[in-house]
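The structure under discussion appears below in the form of structure tokens.
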Amino acid sequence: MSSQKPEASNVPGSPSGISDEQIRKTVVDQAEVWVIKVGSRALTTPESRLDLKQIENLSNQLVDLVERGKQVVLVSSGAVASGVGRLGLPGRPRDLATLQAVAAVGQAYLVQVYEECLTRRGHHAAQVLLTASDLDDRVRYLNVRNTLHSLHKLGAIPIINENDTVAVDELKTTFGDNDRLAAMVAGLFTRPMLVILSDVRGLYDRDPIDPAAEVIHTIPKVDSSVEDLVRDRKTGVSKGGMASKLAAASFVTGSGQGVVIAWGREPQVLPRLADGELLGSLFLPQEKTLTPKKRWIGFSAQCAGSLVIDAGAGRAMLEQGKSLLPIGIREVQGDFEKGDPISILSIDGAELARGQSNYSSADAKKIAGCRSDRIEEILGVCPYEEVVHRDNLVLSRSKS
């Protein structure tokens, strides 16, 4: 792993020369909604059983944030571990069907424990189980957002988890999926902050096994220098769950909001973060913010197909902020309808952007490579000059 430490910078628009503490206080004070993701390891005992005392501590911290005027959403792992303990199993089952059954039992108990802890402080837990398709479809995406807003108005604290009884990928991996889910949930709100409570204290400036390793408290941007910190120098493959956390941080900060990765068992970690204390790693919000619709297009929606474009169209889109015209399209891949999210690729297959297509794949194939003034001649009608309008287009993060 690289030992190069990214230099800290200021919050966009902030005066130069302010301290990390001042930067952090500014970011946390601006956030209206705290989306807090807690991983299984931060909720379980060394024997992989649910840690009831830890859940009580976390619940009290959530209420402390609410009493400070913040809206709170918790994305909580732990359903399988909860079910294993509840059923008295010797360990985590290996086959998918049993895992899903154990998760169903465990999720009920997990929310029950949260409810018992929160009601002692005058609040209720609201269970919200989601799958990727719930945030993929635009209408369902908006319904989820409206439900969460209504729960906040009622004074309840949403407890979100992936629906493990039907979501296969969540159960097949040991980390990562709930980081993405939490980022997608954060994207539902206008002024959120994502806090990822993990089993590590933040992003280190080198391999954490090195005694000299230190947590980087302020990270200006998720770029190649940051990604190199979690990438094996020999294989080039990202190591551990930090890679998924960086992907989540990149999305949320690119939407103009802050992200913190901190140790989940740090005493009173959430109130201390709210006070601006230098715990964990803060990823600074970026200047270019995205609308809720563009956040959905860029991160939540699953692409139904893709368009391969030439270099000229790529430059116009990336450097000049132009829409994608049919003349720049070299290939249409997949089967999609008008309004579906699609991926826009370079000739060598790199994703340049995502957007909503104004045309179906069948019509896009007919007009690919043609000038816009020929659309009506080819299709008999010209509803749009652009295949993807700039208002419905989100540039992908640079991999350089």
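The values are calculated or read from the model by the stated rules, or taken from the named source; none is laboratory data. Just so it is clear, the structure is predicted and the values come from calculations on it, not from any experiment. Glycine gets a Cβ as well: all are built from the backbone with ideal geometry, and neighbour counts include every protein chain shown.
When you go through 109, 141, 114 one by one, which is the residue that is in the same structural domain as residue 199 (by TED's automatic domain parsing), within 25 Å of residue 30 (Cβ to Cβ), in contact (Cβ under 8 Å) with a residue 24 or more places away in the chain and among the aromatic types (Phe, Trp, Tyr)?
141 is the lone residue from the list that is in the same structural domain as residue 199 (by TED's automatic domain parsing), within 25 Å of residue 30 (Cβ to Cβ), in contact (Cβ under 8 Å) with a residue 24 or more places away in the chain and among the aromatic types (Phe, Trp, Tyr).
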Exercise for the section: State whether one or more residues within segment 351-369 are more than 15 Å from residue 386 (Cα to Cα) and hydroxyl-bearing (Ser, Thr, Tyr). Expected result: no
Handout entry: Leading residue by the ranking (nearest to residue 297 (Cα to Cα)) among those in segment 119-162 that are among the basic types (Lys, Arg) and within 19 Å of the chain's Cα centre (by Cα)
Key = 138
Practice task
Within segment 246-262, work out how many residues are of a type outside the set (Phe, Trp, Tyr) and assigned to a helix (DSSP H, G or I).
Solution key: 8
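Here are 363, 373, 391: which of them is crowded, with 19+ Cβ neighbours inside 10 Å and in a helix (DSSP H, G or I)?
Working: 373 fails: crowded, with 19+ Cβ neighbours inside 10 Å; 391 fails: crowded, with 19+ Cβ neighbours inside 10 Å.
The unique qualifying residue is 363.
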Practice task
Return a yes/no flag: does segment 115-129 have any residue that is surrounded by fewer than 18 Cβ atoms within 10 Å (Cβ to Cβ), in a helix (DSSP H, G or I) and among the polar types (S, T, N, Q).
Solution key: yes
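Matching residues to (1) more than 30 Å from residue 132 (Cβ to Cβ); (2) modelled with pLDDT under 95:
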{"residue": "329", "(1), (2)": "no, no"}
{"residue": "333", "(1), (2)": "no, no"}
{"residue": "349", "(1), (2)": "no, yes"}
{"residue": "374", "(1), (2)": "yes, no"}
{"residue": "394", "(1), (2)": "no, yes"}
Exercise for the section: Filter segment 294-311 down to residues that are within 11 Å of residue 341 (Cα to Cα) and part of a helix (DSSP H, G or I), then give me how many there are. Expected result: 6
